[in-house]
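This report refers to the structure that appears directly beneath it.
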Amino acid sequence: MKYSLEVAPSVTRQASRVYIHRETERKGAGERFVAALAECYAAIKANPYGYQLRKGNFRHAQLRRLFYRVVYEVEGDRIYVHQLRHTSRRVSRRFGP
């Protein structure tokens, strides 16, 4: 089955802020973040049920070599990305740890 990935506008804004912050800290770090995020999205689309089910219907996919995770849920042939979060942030009531 082919899945479509729908990213919430808040996730896009968060990713943009992370990119700017990382690129400001060290040249090229923002680009590595974007590449890791794209790789994570591709892995989710290839195998959306391959990640651990957390709170409710939400699944968490870890970005490779970075302390960020993507929180998403699968409904039919659509994948909804709800949150991009740093792993050291407080636990979300809605999305879980």
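We did not get these values from a lab; they are worked out from the coordinates using the rules stated. Quick caveat: nothing in here was measured; it's all calculated off a predicted structure. Backbone-built Cβ (ideal geometry, glycine too); neighbour counts: all protein chains shown.
Per-residue ellipticity at 222 nm for the chain, helices alone: DSSP H runs ≥ 4 residues times -39500 (n - 2.57), over residue total, nearest 500 deg cm²/dmol? Intermediate results must be reported in sequence, preceding the final value.
Numbers: 2 runs with 35 residues, N = 97.
For the chain, the value works out to -12000 deg cm²/dmol.
To the nearest 10 degrees, how steeply does helix 29-46 sit against the main Cα axis of the chain, on a 0 to 90 scale?
10
Could you work out how much longer the chain between Gln62 and Tyr49 gets when fully extended? Use 0.36 nm per residue separation minus the Cα distance between them, nm to one decimal. Please list the in-between numbers first.
Working: separation 13, 0.36 × 13 = 4.68 nm, distance 1.39 nm.
Roughly 3.3 nm would be gained on extension.
When N counts the residues of the chain, how does its alpha-carbon radius of gyration compare numerically with 2.2 N^0.38 Å, as a ratio?
Values: Rg = 13.2 Å, N = 97, 2.2 N^0.38 = 12.5 Å.
That works out to 1.05 for the chain.
Measure off 7 Å from each Cα along the Cα-to-Cβ vector at Ala8 and Thr87, then give the distance between these two points in nanometres to one decimal.
With each label point 7 Å from Cα toward Cβ, the separation is 2.1 nm.
On a 0 to 90° scale, report how tilted helix 9-25 is relative to the longest principal axis of the chain, with both axes built from alpha carbons and the result rounded to the nearest 10.
That works out to roughly 30 degrees.
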